[in-house]
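None of the figures in this text is laboratory data; all of them are computed from the coordinates on show. Note that the structure is a prediction, hence the values are computed from the model and not measured. Glycine also receives a Cβ, built like all others from the backbone with ideal geometry; neighbour counts cover every protein chain displayed.
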Amino acid sequence: MAKNFSINATYNDGCVSLYLWGDFDGISAFELLNYLKDQCPDCSSILVHTEGLEKIVPFGIEIWKDNLWMIAGELDRISFLGPRAFYLERKEAPEEYEKFYSAKPVDFMEIEDININS
């Protein structure tokens with residue numbers, strides 16, 4: 001788990017609300033996937049609140065989207081809420097997606113050769 005990532009849950013009549021806090025990276029993505037798989041198989045609805053996410057690492061989103069098969073049975077019951085919900089939704093993110101990333105991916109082809117011996 002990212003050292004400052006946590007999931008707080010409240011249950012009410014078959015519905016669960018998950019509050020995500022901290023940084024969302026690859027390990028956080030697997031933690032959320034495993035939580036949903038293990039703790040929410042019988043929940044009638046799952047609300048995932050994103051207000052508490054501080055930094056979203058692009059690799060975390062890749063891990064999340066590449067492994068949604070783990071929670072295929074829960075996907076239709078999950079609703080994402082908050083300002084960063086579109087990161088976790090299955091549909092394509094809006095064009096503004098890139099500007100909200102905390103860290104942009106590096107295109108190593110655009111980096112000039114660096115001589116470390118100078």
Those residues that are in a strand (DSSP E or B) and more than 16 Å from I7 (Cβ to Cβ), I need them from segment 27-54; list them, please. S45
So, in segment 1-54, how many residues would count as being surrounded by 15 or more Cβ atoms within 10 Å (Cβ to Cβ), under 21 Å from G73 (Cα atoms), out of contact with any Lys or Arg (no Cβ under 6 Å at 6 or more places or on another chain) and of a type in the set (V, I, T)? 3
For residues that are hydroxyl-bearing (S, T, Y) and touching an Asp or Glu at 6+ places or on another chain (Cβ under 9 Å), scanning just segment 7-59, find the one that is nearest to I71 (Cα to Cα). S44
